[in-house]
Amino acid sequence: MPPAPRPFCAVDFGTSNSAIAVPTPEAGLSLVELEPGQVTMPTAVFYRVEGLANHEPPERVYGRPGLAAYLEGQEGRLMRSMKSILGSTLASQSTDVGEGRAVRYLDVVTGYLQHLKSLAERRTQAPLERAVLGRPVFFVDGDPQRDAQAQQTLADAAHAAGWRELSFQYEPIAAALDYEQGIDHEALVLVADIGGGTSDFSLVRVGPQRRTRLDRKDDILANHGVHLAGTDFDRHVELAGILPLCGYRGLGPARADGAAPREVPSRVYFDLATWHLINTVYTAPRVAELRRMKGFYGDPQHHQRLLRVVEDRLGHALLGRAEEAKIAVAEGGATHIDLGLLEPGLRVGFDATQALAALDADLERIAEAVDVTLRMAGTPPEAVNVVYFTGGSTGFSPLTRRLAARVPTARVVHGDRNASVGLGLGLHARRLFQ
């Protein structure tokens, strides 16, 4: 009797959320419950140092509990959107996580992957040494060498996490495989996978006669993507709606020579609005520099609020407020952002007009990626039968409407924003490993 096939898994390591699929007797393929009632988990880890002796390593708290620990004000360092460091020089560097403790960014990624793996092995009751990992079409735009390095860095982290046999698949191709399971006719599908860090597009032929083929190269007419998505939207919402209250684009004091006041230096605000750079603002030299800049501000209250952000380490919380505002505007057209953490009773309105003004350039650049994908395939827009949306940011309707307008005759289908890629990667893994 031949030996039973070794178990395998498929890992959707996302910028904002992650998932892992395993074969199961009852469903054939299922996403693992990573947290109670949840098959996806925020790609986040909180390094908690509160109450620890100097020699003790930080405690790692993953996903939603990690986010909650940070927002509760526990002492430590929140790491989120770790996928964004792949392909950058940060991957090989270390960072402080509190009270003099340092970790390598690559070890942060490895630890998170190990946590996913352990949860999946708890489900399979068997070691998992073979895996398919999803990857965006481009980790890095316009730089093939850095893009290849980003995949190698992810592979290194996955090997360090315990996987021995690895394969990669494009995330939008995985979504196409998932969509293909539910159709009974052939179609030309534009898959739009808009996540937290990248917006990826693939033009793929799908159909019941094709779904059993392992090699689908001939069915993939084109792949294209841009390193731009949900976390970029959050950054622009924060810059437009929140950080002006802390002096962003504010003016300095009146000048004695009668010239126009200078604009307040902006670097700190861009760093505060970028997840993986927020903690660079909290270093002692940087805080001291910001304190000395009081004279740069025409409105002293702006400077006071900025110091409150950096001294109380509120950067991640403010970016979370921006994300909530983005979602609220997409759902209802207007919202009020509660900024009581900066100043008691402080609130600011934010509406669809402001959001679109802040995000228009990003949305247009993503929509232009559709045009590039079709040109690469030599396919006119009217030849596309379906545009299939997946990824967390496809809940932002101003974006999906703009993308659908690029292929106006195509039927619009919204997949499971959180599950399509993970299940599609699992389908590919099953064909590859069984």
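What's the number of the only condition in (1) out of contact with any strand residue (DSSP E or B) (no Cβ under 8 Å at 6 or more places or on another chain); (2) assigned to a helix (DSSP H, G or I); (3) at pLDDT 95 or above; (4) of a type outside the set (Val, Ile, Thr) that Glu331 fails to meet?
Answer for Glu331: the failing condition is (3).
Which residue is modelled with the highest pLDDT, if the candidates are limited to the range 389-404 and must be among the polar types (S, T, N, Q) and touching a strand residue (DSSP E or B) at 6+ places or on another chain (Cβ under 6 Å)?
Restricting to residues being among the polar types (S, T, N, Q) and touching a strand residue (DSSP E or B) at 6+ places or on another chain (Cβ under 6 Å), the top hit is Thr400.
If we keep just the residues of the range 210-246 that are in a loop (DSSP other than H, G, I, E, B) and at pLDDT below 85, which is nearest to Val370 (Cα to Cα)?
Result: Arg216.
Which numbered condition in (1) in contact (Cβ under 8 Å) with a residue 60 or more places away in the chain; (2) under 15 Å from Ala240 (Cβ atoms) is the only one that Leu363 fails?
Looking at each condition in turn, Leu363 falls short on (1).
If you check Val61 against the conditions, is it aliphatic (A, V, I, L, M), free of Cβ contacts under 8 Å to residues at least 24 places away in the same chain and closer than 26 Å to Ala131 by Cβ?
Considered against the rule, which asks whether it is aliphatic (A, V, I, L, M), free of Cβ contacts under 8 Å to residues at least 24 places away in the same chain and closer than 26 Å to Ala131 by Cβ, Val61 comes out as yes.
Filter the range 11-68 for residues that are among the charged types (D, E, K, R) and more than 30 Å from Thr95 (Cα to Cα) and give the result.
Answer for the range 11-68, where residues must be among the charged types (D, E, K, R) and more than 30 Å from Thr95 (Cα to Cα): Glu26, Glu33.
Take residues that are in contact with a Lys or Arg (Cβ under 6 Å, 6 or more places away or on another chain) and tell me which of the strands (runs of 3 or more DSSP E) falling wholly in the range 1-112 contain 2 or more.
Counting at least 2 such residues, we get 44-48, 59-62, 94-98.
From (1) without any contact (Cβ under 8 Å) to a residue 60 or more places away in the chain; (2) under 30 Å from Val387 (Cα atoms); (3) among the hydrophobic types (A, V, I, L, M, F, W, C); (4) crowded, with 19+ Cβ neighbours inside 10 Å, pick out the condition that doesn't hold for Val237.
Failed condition: (1).
If Gly349 satisfies all but one of (1) closer than 30 Å to Pro253 by Cβ; (2) modelled with pLDDT of 95 or more; (3) out of contact with any strand residue (DSSP E or B) (no Cβ under 7 Å at 6 or more places or on another chain), what's the number of the condition it fails?
(3)
Tally up the residues in the range 250-276 that are basic (Lys, Arg) and either modelled with pLDDT of 95 or more or under 18 Å from Arg292 (Cα atoms) (or both), please.
2
Would you confirm whether or not the range 7-27 contains a residue that is modelled with pLDDT of 85 or more, on the phi > 0 side of the Ramachandran plot and not charged (D, E, K, R)?
Among the residues of the range 7-27, not one is modelled with pLDDT of 85 or more, on the phi > 0 side of the Ramachandran plot and not charged (D, E, K, R), which makes the answer no.
Which residue out of Gly230, Gly247, Gly196, Gly258 is at positive phi and crowded, with 24+ Cβ neighbours inside 10 Å?
Gly247
Check Val407, Val384 and return the single one that is modelled with pLDDT of 95 or more, surrounded by 14 or more Cβ atoms within 10 Å (Cβ to Cβ) and touching a Pro at 6+ places or on another chain (Cβ under 6 Å).
From the options Val407, Val384, the qualifying one is Val407.
Condition first: buried (at least 17 other Cβ atoms within 10 Å of the Cβ), closer than 13 Å to Cys246 by Cα, touching a residue at least 12 places away in the same chain (Cβ under 8 Å) and not β-branched (Val, Ile, Thr). Can you find one or more residues in the range 319-336 that meet it?
no
Tell me which residues, restricted to the range 410-429, are crowded, with 18+ Cβ neighbours inside 10 Å, at pLDDT 85 or above and under 24 Å from Val39 (Cα atoms).
Correct list: Gly415, Ala419, Ser420, Val421, Gly422, Leu423, Gly424, Leu425, Gly426, Leu427, His428, Ala429.
In the range 38-52, is there at least one residue being closer than 19 Å to Leu423 by Cβ, surrounded by fewer than 21 Cβ atoms within 10 Å (Cβ to Cβ) and of a type outside the set (Asp, Glu)?
yes
Hey, could you check the range 141-168 for residues that are of a type in the set (S, T, N, Q) and exposed (fewer than 14 other Cβ atoms within 10 Å of the Cβ) and say which is modelled with the highest pLDDT?
Filtering the range 141-168 for residues that are of a type in the set (S, T, N, Q) and exposed (fewer than 14 other Cβ atoms within 10 Å of the Cβ), the one modelled with the highest pLDDT comes out as Gln152.
The values are calculated or read from the model by the stated rules, or taken from the named source; none is laboratory data. Keep in mind that this is a model prediction, so the values were computed, not measured. Using ideal geometry, Cβ is built from the backbone for each residue, glycine included, and neighbour counts are taken over all protein chains shown.
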